[in-house]
Every structure is written in structure tokens, then in C-alpha cells.
Amino acid sequence: MPKDIDWGSLGFGYVATDKRFVANFKDGKWDEGTLTEDATVTMSECAGVLQYAQTCFEGLKAYRTEDGKVVCFRPDLNASRMKDSCEKLKMPVFPEDKFVDAVVEVVKANLDWVPPYGSGATLYLRPYEFGINPVIGVKPADDYQFRIFCTPVGPYFKGGAKPIVIRVSDLDRAAPHGTGNIKAGLNYAMSLYNIVDAHEAGYSENMYLDPQTRTKVEETGGANFIFITKDGTLVTPKSDSILPSITRRSLCIVAEKYLGMKVEHREVLLSELDSFAECGLCGTAAVISPVGKIVDHGREICFPSGMDEMGPWTKKLYDTLTGIQMGRIEAPEGWIKVIAE
């Protein structure tokens, strides 16, 4: 039975649950890993992660579907993306099949923390890996720890998804040929100053441009962009320094296969934003956050979809993808990992 929690009042924050998964890489190999009740991490003051930020992470959710199953959405893609992150940070890859097995173990061990269907809440899972042995010279660590914890989180939008206002950033999120296309913790550290500054200035997020020419749209600090043209085409920005969002890739398939939309994955110029009818930010947490207005140094780009509600195509995309996740709409093969029935 689910815990006696006011699921609707939960925010997007950390609540310690019963069990988490821990595996250690030592002497060149991973151990089998285990579930533990211990929510603390013990490491040297000189641990590689503390000195040189050698860490990466993932984020995914477990849900209760309409027919009572507990499922995860495309965890194999999280495993694959974490492999890419580890390889770029010179960290040992936790095997992809064992990653998915560990996700299943953690959810099964915390089934009572999976919110009920219809509550709007979900169980958020955070797999992560970091260098744990002492490292004082600038080099990769020798020993690593891989962990997954989970925490119940409330609906991202309380009272519905209202369009947000964002600004074009003067700062860069990632360097050309850098780490923008992996989920490294250091990418998020780089964005903290700028997101706090944006909030203080009255904006919900920053739009980052390509750092080389500053003429093309990339992403925000934690989400990919989607745009809808006036004739109903879904356009997503293409760049080697954008994190390949699992939500964005799924929305592209939903648009084409379920909604009959044309889909373009291409470079998007800042100068063409006026031509789009709708705009949104997509990611695991909110699925889609509608954008009503972008402010480019005093110039306001207002989308025809307005500031009151999601645009019509964005809403169809949101409703279809969340319908697939929650079991109301049949999913493409392999998208839904059933954990408990």
C-alpha cells in the first residue's frame, strides 16, 4: 500500500525512502552491488569527486498506471546515456543491463513510496556515479561508487502548466567540443549562478545559445527546447553540445507516429524565433513546460499560443506522452518497463 502522504502537496525535493542501491568499482572491476538502508556516503576528504568534480547522473521516474502496474519509462536510454557520460569523464561504465536491473530493484524495494495513479505525483529515481578514492593530482580516480536513490515528488505544475517567460542568456552553458552533450554534474554547477540571476530578474529560465557564434538556440540549464511552426511542424534544435533529452526524443516519435506531425531536428536560429507558433521546454521533471515569451535584451518574442495555457499542439504532445507513460495510451514496443503488477 502507498504511504500515507499528501501526494498533491509534495514539491520537487528530497524525501529519504527505505532502500537505495550501491555498487563499488575497485581493483578494476565492479562488485555485485546491494540494496541498503544507509542513506549516507562515506569518503575521503580527498575523494576525486570532491576535488575535480568527477561525477555524472541520470534522472527517471516510476509511475502507477491506470491499470495498477508500477512502471518506468525507457530506463534503457538512461543506461545508454550514462554510459556516454562515464566514457567522456574517464569513469568505468556500470553495465547497462545491470543499470536497468538496479532500477527495478530500487523501485521494488520502495513500492510503498510510488504515488497512487491520478495523484500527479511520481517516484523520481537518481542514478549517479562518482570517483571516491583520494586524488590530489589532476587525473581520473581509481575507485568509483554507483548509486541509485529514489524520492517521491509532487506534480511539477500545481494547478496546471502556465506558460513561462525566459530570457536569452549572455553566459554560455557549455564550451564548443566540451561536455554539453553528457549529463555531468559540472554542467549544472556552471548554470547555477545564471539561473539564480534569472530568477532574481523575474525570469523562469535562461535560453543558452551556441557558444561559438551565439546565433543558434541550444537549451536551457536543464531542459531541451521544442518549437512548433504555424503549420504544425515540430522543430527541435540540433547541436553537438546539447544533452540528448530522452523526453525530447520520445516527443519526436509521438509527434510523428501518434499525431501525424512533421518533425525536423535541425539548427534553430535565434533570428527565426518570431516565426514559431508555440515553444516549450521538455525534460523528465515536467515533461513539457510551455513558454509564452522570450526576452532578448529588451526585445520581446511573444508566441501566438499566449500566456494563459499550453498551445494546442504542445498540449496534444503532452497529453499523448503522459498518456503513454500512465498506461492510458498504448506505448511503442520497449518504452514501458513493468516492475510490479
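The values are calculated or read from the model by the stated rules, or taken from the named source; none is laboratory data. A quick note: this is a predicted structure, and the numbers were derived from the prediction, not measured. Cβ atoms come from the backbone with ideal geometry, glycine included; neighbour counts cover every protein chain shown. For accessibility, only protein heavy atoms count, side chains too; no ligands or nucleic acids. Shrake-Rupley method; radii C 1.70, N 1.55, O 1.52, S 1.80 Å.
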In terms of the charge dipole of segment 1-141, which places +1 on Lys and Arg and -1 on Asp and Glu at the beta carbon, the residue among Y14, L35, V70 farthest towards the positive end is Y14
Spelling it out for E205: with amide H atoms placed in the peptide plane at 1.01 Å from N, the residues 5 or more places away or on another chain with amide H under 5 Å from its amide H are R167
Correct semi-axes for segment 5-121, from √(5λ) of the alpha-carbon gyration tensor and rounded to whole Å with the largest first, are 28, 17, 14
Counting only protein heavy atoms with a 1.4 Å probe and every protein chain in place, the carbon and sulfur fraction of the accessible surface of segment 219-341 in whole percent equals 48 percent
Ordered by number, the trypsin sites (Lys or Arg not before Pro) in segment 90-133 that occupy a DSSP loop and have at most 11 other Cβ atoms within 10 Å are K90
Under a Gaussian network model of the chain whose springs join Cα atoms within less than 10 Å, the largest fluctuation of T42, T215, T55 belongs to T42
As straight-line cross-link partners of K69, the qualifying lysines (C-alpha separation under 21 Å, not fewer than 8 residues apart within one chain) are K3, K19, K61, K108, K337
The long-range amide H neighbours of L60, using H built 1.01 Å from N in the peptide plane and a cut-off of under 5 Å, are L125
The answer for the chain, accessible area per residue at 1.4 Å probe in Å², is 45 Å²
If one builds a Gaussian network model of the chain from Cα atoms under 10 Å apart, the most fluctuating residue listed among L251, L125, L77 is L77
A correct Karplus calculation of ³J(HN,Hα) over segment 166-174, with 6.51 cos²θ - 1.76 cosθ + 1.60, θ = phi - 60°, whole Hz and x for Gly and Pro, returns 10, 10, 7, 7, 8, 9, 9, 7, 8
If one builds a Gaussian network model of the chain from Cα atoms under 10 Å apart, the most fluctuating residue listed among A277, A285, A53 is A53
Projecting the Cα atoms of T322, N194, T220 onto the charge dipole of the chain, where Lys and Arg contribute +1 and Asp and Glu -1 at Cβ, the residue farthest towards the positive end is T322
Rounded to the nearest 5, the percent of DSSP beta bridges in segment 180-285 running antiparallel is 75 percent
In whole Hz, the Karplus estimates of ³J(HN,Hα) for segment 41-53 (6.51, -1.76, 1.60; θ = phi - 60°; x where Gly or Pro) are 10, 10, 8, 5, 5, 9, 4, x, 5, 7, 8, 10, 6
Inverse of <1/r> over all distinct C-alpha pairs of segment 69-115, i.e. the Kirkwood Rh in Å, gives 11.6 Å
For segment 153-243, listing trypsin sites (Lys or Arg not before Pro) in a DSSP loop whose Cβ sees at most 10 other Cβ atoms within 10 Å gives K230
The correct ranking of D18, D231, D101 by accessible area at 1.4 Å, largest first, is D231, D101, D18
For segment 144-186, the accessible surface attributable to carbon and sulfur atoms (probe 1.4 angstrom, ligands and nucleic acids excluded) amounts in percent to 57 percent
Carbon and sulfur atoms account, in whole percent of the 1.4 Å probe accessible area of segment 1-110, for 49 percent
Under a 1.4 Å probe, counting only protein heavy atoms, W30 has an accessible area in Å², nearest 10, of 50 Å²
Computed, not fitted: 222 nm per-residue ellipticity of the chain from DSSP H runs ≥ 4 (each -39500 (n - 2.57)), nearest 500, equal to -6500 deg cm²/dmol
Counting only DSSP beta bridges fully inside the chain, the antiparallel percentage to nearest 5 is 85 percent
Length gained, E264-Y193, 0.36 nm per residue minus C-alpha separation, equals 22.3 nm
